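Remarks on the structure that follows.
Just so it is clear, none of the values below were taken in a lab; they were calculated from the coordinates. Note that the structure is predicted; figures quoted are calculated from it, not measured. So basically every Cβ, Gly included, is an ideal-geometry build from the backbone, and we count neighbours across all protein chains shown.
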Amino acid sequence: MRIGIVMGDPSGIGPEVALKAIRFVDWNANSCPILIGSRDVFQREINRLNLPTHLSCEENSASPDGVRLVESVREEVNRFPYGKPSKQSGQASYNSILMAVELAASGSLDAIVTSPISKSAFGLAGVEFPGHTELLAQLTKAPRYAMMLAAGKLKVTLVTTHMALSQVGTQITAGTVFDKIELSAIFLSHYLKLQSPTIGVCALNPHAGEGGKFGTEEKEIAEAVRDANNSAIKAEGPLPADSLFAHWQKYDCVVSCYHDQGLIPVKMLAFDTAVNVTLGLPIVRTSPDHGTAFDIAGEGKANPDSMIEAIKLARKMVLAGRVEWKRKK
């Protein structure tokens, strides 16, 4: 099993947490990490952290601490100072993602685990994507996709991701909400082997719209829930989000309408260990659920726990086998 671990923004903590994490994951003859990014950037972290890790471009390294590297960036490391997003760091992280997707699509990788990127650095490099999720969906031509955050038993799938709150209501349709419900159900049943999982679906407006008093988006959500149940998916909603998350243990997954509605409870529960997984892609992709942490980059303080969990979930998904994400209806 070949798990590609992508560098992320070279000026952030991605390279550090990647190198730390692979030392805490049990690898065997049938599974190995493959780093994707800049040799110089990874070597900078190895030297700074005083790790025994040896980078090799060979498929099999003779050293017990040898880690295979696929070099996607060959710029000098001084072009990536710690804590400073730049055009160069944005382009380097983008190139590393492109390389990882290409390797996964060709069958050279079984999964990819992506380190954090900087949206501002992406912008400086002219990369017009708000995050990994949207970029990976386009690169893999996924017709539908979803961002799920996994925090132990709590799983949250987002209907909308990186957009202004003022635009969210326009994206809440029966079709978009149904897609997230169904993608979540497929993930839970196939990858986690849950029988008849139950999915709670958040309302967008306070008090689930109070019969239209606070908005009408709940009509679309209710239609999506009916469609899900008609497709043999157990779903409940639209439910007021505050009450739903107060009783989230009743559900195997919660579908939330927008970014912060779903991520606030996830990060309150598991700030250091939550995992981001993209549903709907033809490749397996997970990621730690944190950012580049430019403020502590280069200080050796970065916690690798979320990266460790992301690698473990990626391996679990690979072992479960690929799944068809086509609509059941």
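Under a Cβ-only charge scheme (Lys and Arg +1, Asp and Glu -1), can you give me the dipole magnitude of the chain about the Cα centre, in debye to the nearest 20? Kindly include the intermediate steps, with their values, before the conclusion.
On the way: 34 positive and 34 negative charges, 112 e Å.
Here the size comes out at about 540 debye.
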Can you work out ³J(HN,Hα) from phi for every residue in region 276-283, in order, using Karplus 6.51 cos²θ - 1.76 cosθ + 1.60 and θ = phi - 60°, giving whole Hz and x for Gly and Pro? 9, 10, 9, 8, x, 7, x, 10
Just want the answer: with Cβ charges of +1 for Lys and Arg and -1 for Asp and Glu, which residue in Ile112, Asn95, Thr198 is farthest toward the dipole's positive end in the chain? Thr198
For the chain, the charge dipole (Cβ of Lys, Arg +1; Cβ of Asp, Glu -1; about the Cα centre) points to a positive end, and the Cα of Pro143, Gly131, Ala320 closest to that extreme belongs to Ala320
Within region 267-329: Cβ-based charge dipole about Cα centre, in debye rounded to nearest 20 (Lys, Arg +1; Asp, Glu -1): 720
For Lys234, the lysines lying under 16 Å Cα to Cα, once residues fewer than eight places off in the same chain are dropped, come out as Lys155, Lys180, Lys193, Lys250, Lys328, Lys329
Taking the simple approach of a point 7 Å from Cα along Cα-to-Cβ for both Asp242 and Lys87, what is their distance in nm? 4.8
Can you work out ³J(HN,Hα) from phi for every residue in region 240-256, in order, using Karplus 6.51 cos²θ - 1.76 cosθ + 1.60 and θ = phi - 60°, giving whole Hz and x for Gly and Pro? x, 4, 5, 6, 4, 6, 5, 10, 4, 4, 6, 10, 7, 7, 10, 9, 10
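Count the DSSP beta bridges whose two residues both fall in the chain, then state the antiparallel fraction as a percent rounded to the nearest 5.
Values: 14 of 43 bridges.
Approximately 35 percent, going by the DSSP bridge assignments.
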Using +1 on the beta carbon of Lys and Arg, -1 on that of Asp and Glu, and nothing else charged, what's the dipole of region 217-329 about the Cα centre, debye to 20? 740
When the C-alpha atoms of the chain are aligned to their principal axes, what extent does each axis show, in angstrom, from largest down? 63, 38, 33
Which translational diffusion coefficient, to the nearest whole µm²/s, is obtained for region 78-215 from the Stokes-Einstein equation, given a Kirkwood hydrodynamic radius over C-alpha pairs, 10 °C and 1.306 mPa s? 90
For region 1-87, how big is the tail of P(r) above 15 Å, as a whole percent of Cα pairs? 55
Per residue of region 23-29, what does 6.51 cos²θ - 1.76 cosθ + 1.60 with θ = phi - 60° give for ³J(HN,Hα)? Whole Hz please, x for Gly and Pro, Karplus curve as stated. 7, 9, 9, 7, 9, 9, 4
